[in-house]
1. Cut-off is 10 Å between beta-carbons; in what order do Leu69, Leu325, Leu183 appear when sorted fewest neighbours first?
2. With θ set to phi - 60°, apply the Karplus curve 6.51 cos²θ - 1.76 cosθ + 1.60 along region 333-345 and write out the HN-Hα couplings as whole Hz, x wherever there is a Gly or Pro.
3. Could you tell me how far the Cα centroid of region 80-133 sits from the Cα centroid of region 329-370, in Å?
4. How high is the FRET efficiency between Thr35 and Val161 when r is their beta carbon distance and R₀ equals 30 Å, given to the nearest 0.05?
5. For Asn169 and His230, what does the FRET efficiency come to when R0 = 25 Å and r is the distance between their Cβ atoms, rounded to the nearest 0.05?
6. For region 74-156, which GluC sites (Glu not before Pro) are in a loop by DSSP, counting at most 14 other Cβ atoms within 10 Å?
7. Under 14 Å from a point 7 Å along the Cα-to-Cβ line of Val293: which residues of region 228-259 have their amide N that close?
8. Between 0 and 90 degrees, rounded to the nearest ten: what's the tilt of helix 2-27 against the longest Cα principal axis of the chain?
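No value in this document is a laboratory result; all are computed from the given coordinates. Everything quoted here is computed from the prediction, not taken from an experiment. Cβ atoms come from the backbone with ideal geometry, glycine included; neighbour counts cover every protein chain shown.
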Amino acid sequence: MKAFRTFSAFVLVSMLVAPAIAHQQDAQAIEIVITPESLTLEVGDTAEVSAIVKDADGNVVEGATVVFLSTARRALGVTPTGQVEAYRPGEFQIMARVPMDPNETGRRAPARVQAMIPVVVAAPPISNIEFDAAPSRFYTGTNFRPEVTLTDRSGANRTDVAVMFQSTNTTVAEVTALGRISLLASGEATITASAESASISLPMSVEKNPTVHIEMNPQTNKARTGDVVHINARALNTDGNEVDGIPIQYSFQARTVDYNLGEASSGLITDDGRFVADVAGEYVIIANAGDQVSMTTLEIEPRNMAREIELVGHGAVRDRATSDLWIWEGVDGKDYAITGTWGAEGHAYIWDVTDPSNMVIIDAIHVDARTVNDVKVSEDGRIAVIS
């Protein structure tokens with residue numbers, strides 16, 4: 001029995017002394033030296049960083065607790081032990097910290113000393129470029145802008161790389177810096193798009209435009225704001241047959257009574273002729289194929305969807321901004337809600353909303369984050385997911 005007491009005492013003393021030694025070691029820290037001093041990576045690359053801690057005399061502090069953090073976690077991942085992975089291109093920083101309390105290693109734990117190194121993540125080179133949505137045939141007097149898709153070596157689509165366009169025969173086809181192609185005369189031409197070392201060519205045999213009339217058969221000539229109206233335009237030749245593969249361009253003119261200052265647009269029309277109006281009024285829809293133009297008029301009425309709303313209750317969070325909301329029926333038959341918080345301390349609140357006039361917080365979840373932006377609950381009401 002005596003031996004057991006002695007062993008127990010030894011274990012207890014060891015448990016008490018170890019944290020004390022760690023605190024003393026960390027208390028000596030005045031400088032962190034990170035190796036390497038900087039990193040240059042590509043998207044998808046991994047690396048490892050390490051650090052030593054020095055005291056006031058420049059001596060290495062053995063056993064000091066060092067925690068690594070990324071200043072841009074969505075672009076550059078860093079584990080607390082220094083394993084690095086690059087997710088997105090850009091310039092970032094890795095931080096090394098000696099926490100005041102070695103047992104508190106979270107992002108918000110007070111630090112005794114910290115240091116940073118720069119990290120440059122280069123985007124992989126462009127490996128492929130494609131033309132999308134080009135017409136099946138090419139006619140004089142028409143213009144179009146094919147979509148250009150860039151793919152880099154990692155397989156990711158890129159929109160941050162400049163694309164250069166060039167025509168081999170500008171008397172037949174011209175191309176703007178943004179990639180819009182105008183077909184001027186019959187003949188042969190090739191449009192080339194290039195980005196970095198990748199390029200693609202679009203050969204064209206331009207035909208004389210046979211269109212003599214554009215027929216417009218809108219789905220309706222009278223609609224409400226928010227309704228989608230299909231315009232249904234066709235380019236016809238002298239025989240009354242539809243011209244194959246010719247691009248038809250749509251636009252509109254609006255005459256509206258708009259009492260909302262700062263309205264960005266009164267409507268929208270897509271490349272395939274679907275129109276929707278945001279504001280009531282008279283709209284002239286214009287379709288053209290080369291030098292042939294046709295018009296039709298739509299009358300748009302207000303939707304007038306309105307009803308009174310009665311405020312039954314208010315669940316207030318007064319010390320921070322809230323974010324997402326999810327309401328569900330619990331397994332006990334009561335009604336519950338979960339809300340996130342924005343730019344605060346990573347809280348999500350659980351509410352009992354069975355009585356809408358008396359909604360109360362019944363629980364809270366706290367995670368290591370500033371914002372809880374998305375909250376969801378499974379259909380059976382048993383699993384909640386926050387991010």
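1. Working: Leu69 19, Leu325 12, Leu183 24.
Result, fewest neighbours first: Leu325, Leu69, Leu183.
2. Going residue by residue, I get x, 7, 9, 10, 9, 10, 10, x, 10, 10, x, 10, 10 Hz, with x marking Gly and Pro.
3. Each part reduced to its Cα centre gives a spacing of 32 Å.
4. Working: r = 33 Å, r/R0 = 1.11.
Efficiency for this residue pair is about 0.35.
5. Details: r = 37 Å, r/R0 = 1.48.
Plugging the Cβ-Cβ distance into 1/(1 + (r/R0)^6) gives 0.10.
6. Working: sites: Glu85, Glu91, Glu104, Glu130, Glu147; in loops: Glu104.
Those that pass, being in a loop and sparsely packed, are Glu104.
7. Counting only backbone N, you get 249-254.
8. Relative to the chain, helix 2-27 is tipped by roughly 50 degrees.
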